[in-house]
Amino acid sequence: MSLDTLPPLRESLAAHGLMANKAFGQHFLLDLNITRKIVRLAELSPGDRVIEVGPGPGGLTRALLEAGARVTAIEKDVRFRPLLQELALAATPDALVLIFGDALEAHESVLIEAEPAHVVSNLPYNVGTPLLIKWLTGPWRPASMTLMFQKEVAERIAARAGDDAYGRLAVIAQATSHAASVMDVPARAFTPPPKVDSAVIRLTPRGDRPSPVRLDALQTLTAAAFGQRRKMLRASLKALGGEPMIEAAGLNPQARAETIDVAGFLRLADVWLDRR
Ligand code: SAM
């Protein structure tokens, strides 16, 4: 069997008696036109290594394999093992490696033998944000990420200072990566449809990514500043250095966190580190 002779995804699911399980955040993309479009947006080259979290019935996995990617797919729901093994047999030998377990606990650099790898995934809603934080903050860093999120989370990743959705996630994502929303996907495109629409976000690493120490400082400061986002910085950052630190970073102590851009938070991190 080859990829183009596989039955449609709906038939594969039915043949294996599989239904979506809410506990695993399962909303499937069964239209290969959509999964192929997501893979085009990932801008992969044949032979690229890709980590996919949550292959489920394998719609995105099929499109990745068609594009010539070498895929390591991590799935928590073992019910999908027989179906995914059929897909692995239909693909080029060794093009699909299946791992059954929790992606939050995966050691990516071990799984992909320290080669550079991209992440492409229609993420489960319940663990999408912690997985993104894990990949943004390292130690393992993907060559790029093309990820489906709930629209509201996608907005929080790509938001700019002053936007309602601007917060910690935007600062950490944009300090480490170039982040852009590249495709809107309506709820009806999924089986079963979730309550909200989704969007695909593409993230590529910044050349001037902060060092691990600077990134830790950024996490500490943004946790304090956005933990009390309605307060002025001089109050929310009082315990971390207060007005003198904020002024040394060239910022107004009366400003609120939501108005400080990523560069401003990076200056704060530098001053905080200098003064420790
Ligand atoms: N990629 C498939 C698609 O697009 O049709 C399925 C996407 S579905 C939104 C999320 C998938 O992630 C499910 O297959 C689910 O079982 C799996 N999953 C949920 N939590 C997981 C975890 N912690 N680690 C790995 N996979 C997980």
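Counting only helical runs of four or more DSSP H residues, what would the 222 nm mean residue ellipticity of the chain come to if each run contributes -39,500 (n - 2.57) and the total is spread over all its residues?
Theoretical 222 nm ellipticity from helices: -11000 deg cm²/dmol.
For the stretch 212-275, what value does the Rg/Rh ratio take when both radii are computed over Cα atoms and Rh is the Kirkwood radius, given to two decimals?
My calculation puts Rg/Rh at 0.90.
Provide the gained length on full extension for the span Asp163 to Ser2, in nm with one decimal, where the gain is 0.36 nm per separating residue minus the Cα-Cα distance.
53.2 nm
Check cross-link reach from Lys76 to the lysines: straight Cα distance under 20 Å, and skip same-chain residues fewer than eight apart.
Lys22, Lys134
Filter the trypsin sites (Lys or Arg not before Pro) in the stretch 228-268 down to the DSSP loop ones having no more than 10 other Cβ atoms within 10 Å, then list what survives.
Arg230
Convex hull over the alpha-carbon atoms of the chain: what's its volume per residue in Å³?
Each residue corresponds to 124 Å³ of Cα convex hull volume.
Need one word for the stretch 133-248: rounded, prolate or oblate. Basis is the Cα gyration tensor (sqrt eigenvalues a ≥ b ≥ c); a/c below 1.5 gives rounded, then a/b vs b/c decides.
Oblate, because a/c is 1.5 or more while a/b does not exceed b/c.
Rounding to the nearest 10 and keeping the result within 0 to 90°, find how far the Cα-based axis of helix 32-41 lies from the longest principal axis of the chain.
Here the helix axis deviates by roughly 40 degrees.
Express the relative contact order of the stretch 212-275 as a whole percentage, based on alpha carbon pairs under 8 Å and six or more residues apart in sequence.
Relative contact order of the stretch 212-275: 39 percent.
When only DSSP loop residues count, what GluC sites (Glu not before Pro) in the stretch 100-191 have their Cβ near at most 12 other Cβ atoms within 10 Å?
Sites meeting the loop and neighbour criteria: Glu113.
With unit charges on the beta carbon (Lys/Arg positive, Asp/Glu negative), name the residue among Val119, Leu136, Ala103 whose Cα is farthest towards the positive pole of the charge dipole of the chain.
The residue sitting most towards the positive pole is Leu136.
Taking 7 Å along the Cα-to-C-beta vector as the label spot, tell me the Ser109-Thr220 distance in nanometres, rounded to one decimal.
Those two pseudo-labels are separated by 2.3 nm.
If you take every residue apart from Ala223 with its C-beta less than 13 Å away from the C-beta of Ala223, what net charge results, scoring Lys and Arg +1 and Asp and Glu -1?
With Lys, Arg at +1 and Asp, Glu at -1, the neighbours total +1.
Can you tell me the 0 to 90 degree angle between the C-alpha axis of helix 81-90 and the longest principal axis of the chain, rounded to 10?
70
Mind checking the angle between helix 262-274 and the chain's longest principal axis? C-alpha axes, 0 to 90 degrees, to the nearest 10.
The helix 262-274 is inclined about 60 degrees to the chain.
I need to check one value: relative contact order of the stretch 150-271, counting alpha carbon pairs closer than 8 Å and at least 6 residues apart, in percent.
RCO, the stretch 150-271: 26 percent.
Could you tell me the relative contact order of the chain? Use alpha-carbon pairs under 8 Å, at least six residues apart, and round to a whole percent.
Normalised by residue count, the contact order of the chain is 15 percent.
Please enumerate, by chain and number, the aspartates and glutamates with C-alpha under 19 Å from the C-alpha of Lys231, excluding those fewer than 8 residues away in the same chain.
Result set, ordered by chain and number: Asp163, Asp164, Glu243, Glu247, Glu258, Asp261.
Within the stretch 149-188, which residues have the backbone N less than 20 Å from the label spot 7 Å out from Gln228 along Cα→beta-carbon, could you tell me?
The answer is 167-169.
Among Gly242, Gly68, Gly17, whose mean-square fluctuation peaks in a Gaussian network model of the chain (Cα, cutoff 10 Å)?
Greatest mean-square fluctuation among the candidates belongs to Gly17.
Rule-based calculations on the coordinates, nothing more; no lab input. Computed from a predicted structure; not experimentally measured. Heads up, the Cβs are rebuilt from the backbone with ideal geometry, glycines too, and the neighbour counts pull from every protein chain shown.
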